[in-house]
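Contents: one structure, followed by commentary.
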Amino acid sequence: MTVKARNALPTEEIKQLLKTRVNPGEIKVGVNSLKSLQGRVLIETNSMEEIEVLGKEIQTKCGRVLETHIHRLRKPRVIILNVPEDINRDNIEEAIIRQSPDLNLMKGSIVPKFTYVTKRMHRNAVIEVGRETRKTLTHRKIKLGWQICRTDDYITATRCFNCSKFNHRTVECRGEVTCPLCAGPHNLKECKSDPTSYKCTNCETYNRHNPTKKVSANHSALDKGCPSLQVILERNRLNTEY
């Protein structure tokens, strides 16, 4: 949960206000960490139940001055590989339920998100489900039309194709054009670098801020094994309700 002031206050004053007015012991909440962020304070507890109790207490004792935001886990997404052409967002849930009655899935347990075609012309579908439905569907084969399709967790990183960094999209980018192959000041189509001179702008940025824990940056920012990408993917896993 993050806490910020309704009117601008330094984070240390927000912390002091919380400590003065709210007693976690009285409401039986264990606080794992209380961290300062830019203009906000981050609070971590052992469970969502404790966070909700603490959030209500903060609103009761400090609601005129502070506001809280509880960060909830994302619902899992599952990818279904090589789906038939007649399977789309409108009929995929019904098709799964009808053709796989042994899974005991209920209508409404699957939320279709999108389908896409790979470079090898394979059609894949991505659905959003709850924790239990995800356990039922993943790492198994399901029947769709005349095909038997494999499934897996769908975990991705939001990537900008302007500056080649993560956690925002191109339309939101305020950074400079950076090549995802060589980290140069040009776009991908203009790059003439060969693979031996590839540089990852994300790993180079990490190394500048962590000189004692450097990682290899001798790869493109599009490399699936990129250390910076793996950190983002792991963070997304931790923020998903598995």
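The test for being touching a helix residue (DSSP H, G or I) at 6+ places or on another chain (Cβ under 7 Å) and at pLDDT below 95 does not hold for T11.
Where in the range 1-87 are the strands (runs of 3 or more DSSP E), entirely inside, with at least 1 residues that are on the phi > 0 side of the Ramachandran plot, among the hydroxyl-bearing types (S, T, Y) and surrounded by 14 or more Cβ atoms within 10 Å (Cβ to Cβ)?
On the way: elements: 2-5, 31-37, 40-45, 66-69, 77-80.
Output list is empty.
Screening the candidates E94, E128, E176 for the property of being within 30 Å of L188 (Cβ to Cβ) and either assigned by TED's automatic domain parsing to the domain that holds P227 or modelled with pLDDT of 95 or more (or both) yields one hit, E176. Between residues in the range 186-208 that are without any contact (Cβ under 8 Å) to a residue 24 or more places away in the chain and over 17 Å from C163 (Cα atoms) and residues that are surrounded by 15 or more Cβ atoms within 10 Å (Cβ to Cβ) and of a type outside the set (S, T, N, Q), which pairs lie under 8 Å by C-beta distance while being six or more apart or on different chains? Listed pairs, sorted by first residue: S193/C179; S193/L181; S193/C182; S193/G184; S197/C182; N207/V215; N207/A217. Only residues that are of a type in the set (D, E, K, R) and buried (at least 17 other Cβ atoms within 10 Å of the Cβ) were counted across the range 190-203, and they come to 1. Only a single criterion out of (1) exposed (fewer than 15 other Cβ atoms within 10 Å of the Cβ); (2) at pLDDT 95 or above is not satisfied by V215, namely (1). Out of L222, L229, one residue alone is of a type in the set (A, V, I, L, M), surrounded by 13 or more Cβ atoms within 10 Å (Cβ to Cβ) and not in a loop (DSSP other than H, G, I, E, B). It is L229.
The values are calculated or read from the model by the stated rules, or taken from the named source; none is laboratory data. Nothing here was measured: the structure is a model prediction, and the numbers come from that model. Positions of Cβ are generated from backbone atoms using ideal geometry, with glycine treated the same way; all protein chains shown enter the neighbour counts.
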